[in-house]
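Just so it is clear, none of the values below were taken in a lab; they were calculated from the coordinates. What you are looking at is a predicted structure, and each value in this text was computed from that prediction instead of being measured. Here the Cβ is made from the backbone with ideal geometry for all residues, glycine too, and neighbour counts use every protein chain on show.
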Amino acid sequence: MNILQLSFKSLWHRRSSAFLVLVVVSLSVTLLLGVQRLRQEARLSFSRSIAGTDLIVGARSGSLNLLLYSIFRIGNPTNNISWQSYQAIREHPNVAWTIPLALGDSHRGFRLIGTDEHYFEHYRYGRQLPLSFAKGGPFSSVYDVVLGADVAQNLGYELGQQITMSHGTAEVSLIKHGDKPFTIVGVLKKTGTAVDKSLHISLAGLEAMHVGWEGGVPIPSLSLSAEAALQQDLTPKVISAFLLGVKSKPAIFSLQRGINDYRLEPLMAILPGVALQELWSLMSVAETALFVVSSLVLLSALIAMLSSILSSLKERQREMAILRAVGAGPRHIFGLLCGETLLLTFLGCALGLALLYLSLALSRPWLESNYGLFIGVNPPNSLEWLILAFILLASVVMSLGPAYLAYRQTLSDGLSTKL
């Protein structure tokens, strides 16, 4: 019988205490790997949401706030950009394309984005991937709406259905634009970004929706029907932000400086990559703290396993003596205790991985719907394998003390133990 078989039989004989240690180790491994997986997937989810955009322009505020509300649909703009300023910057000789974004309304908790046809033409995500349609196509009329993949899936919408929008971004709104329904003309393919949770209409549609509104509230005396609203001037007055691409990369910084010094109104232009790095640096303290806490929990589990082995040594003196009597050498005793610890840790890591993937599978819809985090249920990466290997190595190192004590036990000591 080899050492691993003997270790397994020994653990099975003490299965009650071994099971408790196994549970503690597996939960600690799940916590440690879960924190690591969330950190990596959150960064990946954020970084793949925008690609190919050189500058993001909005009202002067914080760069993180601008990045979050314009790309990730988190938060709200502190101010708007006038349509005249947008047009002036759009006509700059170094600007290749722009995508206007108007925020502020929603549908059943999903953000509504007012934009134009350039959104479907120039928006990129991941590795420069363009937006594509699973069904239908882009909006062409004022009362057309294009849905993100998650909106259509979660709400069960199909092409041709009519829906109405709500004023504001709350999941439950008491103020609705019920007199101006929109027809679903397209559903975008899933992107794994905030686009999936957005509804997209034209800027003219957004203006038509608010005809007869002043100060964010409807004025009954100014209210017009959907058909009558089409006869009004639907040129936007303000937008929330816009994305911008330049003709020449060296011109990015001069254009950014010009927008930041814009005299007609306070504007700011940010580089998406720089703003993301600022976000990572802000999150790094919390990430480090979570990783340290989860590592300490794992260390506590390993110490608990060590304590369990040490406390059982005195009770197992006769067992060790009998093994010595039937021919097991000191090295076998040493290997037995190291093998038990290694086997118990290995099973804890395996069970911890299983619990991690089960937790990810169950929590994935909730994380997507509440926080916009798209966590992939992927095989362990090289870093996670390295962490697991380190855990196994640490358990073997910690078992050397009890194994050495058992190694030093003599046959006579064991046989003289009184029952």
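When ranked by the protection proxy of mean other Cβ atoms within 10 Å per residue, highest first, what sequence do the peptides 341-354, 377-390 form?
341-354, 377-390
Is the C-alpha gyration tensor of segment 133-206 telling us rounded, prolate or oblate? Criteria: a/c under 1.5 is rounded; beyond that, a/b larger than b/c is prolate, otherwise oblate.
It comes out oblate by the Cα gyration axes.
Of the DSSP beta bridges with both residues in segment 132-191, give the percent that are antiparallel, rounding to the nearest 5.
60 percent
Can you bin segment 206-282 into rounded, prolate or oblate? Criterion: square roots of the alpha carbon gyration tensor eigenvalues sorted a ≥ b ≥ c, rounded for a/c under 1.5, prolate for a/b above b/c, oblate for the rest.
prolate
Could you give each residue of segment 220-225 its phi-based ³J(HN,Hα) in whole Hz, using Karplus coefficients 6.51, -1.76, 1.60 with θ = phi - 60°, and x for Gly or Pro?
Per-residue couplings from phi come out as x, 5, 9, 5, 10, 6 Hz.
Between Lys190 and Ser307, take the C-beta separation as r, use R0 = 56 Å, and let me know the FRET efficiency to the nearest 0.05.
Taking R0 as 56 Å, the efficiency between Lys190 and Ser307 is 0.70.
Pull up all non-local amide H partners of Leu55: gap of 5 or more, or a different chain, and H-to-H distance under 5 Å with H placed in the peptide plane.
Under 5 Å from the amide H of Leu55: Leu244.
Show me the ranking of peptides 132-144, 84-96, 183-195, 240-252 by mean Cβ neighbours inside 10 Å, starting with the highest.
Highest to lowest by the protection proxy: 183-195, 240-252, 132-144, 84-96.
Of Ile89, Leu131, Thr115, whose Cα points farthest to the positive end of the dipole of segment 51-194 (charges on the beta-carbon: +1 Lys, Arg; -1 Asp, Glu; origin at the Cα centre)?
The listed residue farthest towards the positive side: Leu131.
How large is ³J(HN,Hα), in whole Hz, for each residue of segment 345-353 in order, when computed from phi with the Karplus curve 6.51 cos²θ - 1.76 cosθ + 1.60 and θ = phi - 60°, using x for Gly and Pro?
Going residue by residue, I get 5, 4, 5, x, 5, 5, 5, x, 4 Hz, with x marking Gly and Pro.
List the residues whose amide H sits under 5 Å from the amide H of Ala269, counting only those 5 or more places along or on another chain, with H placed 1.01 Å from N in the peptide plane.
When sequence neighbours closer than 5 places are left aside, the close amide H contacts are Asn260.
How much length, in nm to one decimal, is gained on full extension between Trp366 and Gln232, taken as 0.36 nm per residue of separation minus their Cα-Cα distance?
Full-extension gain reported as 44.0 nm.
Going by amide H atoms built from the backbone, whose H comes under 5 Å of the H on Arg111, apart from near neighbours?
Amide H to amide H, under 5 Å and 5 or more residues apart or across chains, Arg111 pairs with Leu199.
Multiply the residue gap between Ser300 and Thr288 by 0.36 nm, knock off their C-alpha separation, and tell me the result in nm, one decimal place.
Fully extending the segment from Ser300 to Thr288 adds 2.5 nm.
Label-point separation (nm) for Ser221 and Ser140, each offset 7 Å from Cα along Cα-to-Cβ?
Inter-label distance under the simple model: 4.1 nm.
How large is ³J(HN,Hα) for each residue in segment 112-125, as worked out from phi by the Karplus curve 6.51 cos²θ - 1.76 cosθ + 1.60 (θ = phi - 60°), to whole Hz, x for Gly and Pro?
Taking θ as phi minus 60°, the curve returns 9, 10, x, 8, 9, 5, 5, 4, 7, 8, 10, 5, 10, 9 Hz for segment 112-125.
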